[in-house]
Structures are given as structure tokens and as C-alpha cells.
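The structure appears below as C-alpha cells.
The values are calculated or read from the model by the stated rules, or taken from the named source; none is laboratory data. None of the values given here were measured: they were computed from a predicted structure. Backbone-built Cβ (ideal geometry, glycine too); neighbour counts: all protein chains shown. Ligands, DNA and RNA are excluded from the accessible area calculation, which covers all protein heavy atoms including side chains. Shrake-Rupley method; radii C 1.70, N 1.55, O 1.52, S 1.80 Å.
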Amino acid sequence: MRTETVLKAEAIDLLLKTFGVLETERFIASIKSNNFDYTEWHKNLWKDKSIEEIHKMATEFEKEKYK
């Protein structure tokens, strides 16, 4: 299991690689300024998607990730 520090560092690295500096800063600022509730957000993230749609999205994401 990763330490909290390692987990945070890896998450920031992924955000930077995916979104770049500006969008990563905007994302972090939005979480900090809005009393972001990750659990609530996550519950509603894909509520309108079937498990098949989510699986397809994950599969496509993985294919893109390793191009």
C-alpha cells in the first residue's frame, strides 16, 4: 500500500500529464474552494451509465494510455 504522500505525488503527476499545469491548478482550486465531497461526487459520476458503457470507457482509456 502506498503512503499518503506517495499517493498524492502520483495523483498530481497524473493530473499534470493529463491536463497540464493550468488545468491541474484549476481542478485543485475547484476542489478546495467548493468544500468538495468526493464521496457524493463519485456516487453520481456515472449514474446514467450502464456497467457495459463504463467498461467500454475504461477499455478505451487504457488503449489510449498505452499508445
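For (1) modelled with pLDDT under 90; (2) surrounded by 10 or more Cβ atoms within 10 Å (Cβ to Cβ); (3) among the hydroxyl-bearing types (Ser, Thr, Tyr), each residue gets a yes or a no:
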position	(1), (2), (3)
Thr5	no, no, yes
Ala9	no, yes, no
Glu25	no, yes, no
Tyr38	yes, no, yes
Trp41	yes, yes, no
Leu45	yes, yes, no
Lys67	yes, no, no
Close pairs from region 13-42: first farther than 16 Å from Lys65 by Cα and hydroxyl-bearing (Ser, Thr, Tyr), partner at pLDDT below 90 and open to solvent by 70 Å² or more (accessible area, probe 1.4 Å), Cβ under 9 Å, at least 6 apart
Ser30/Phe36
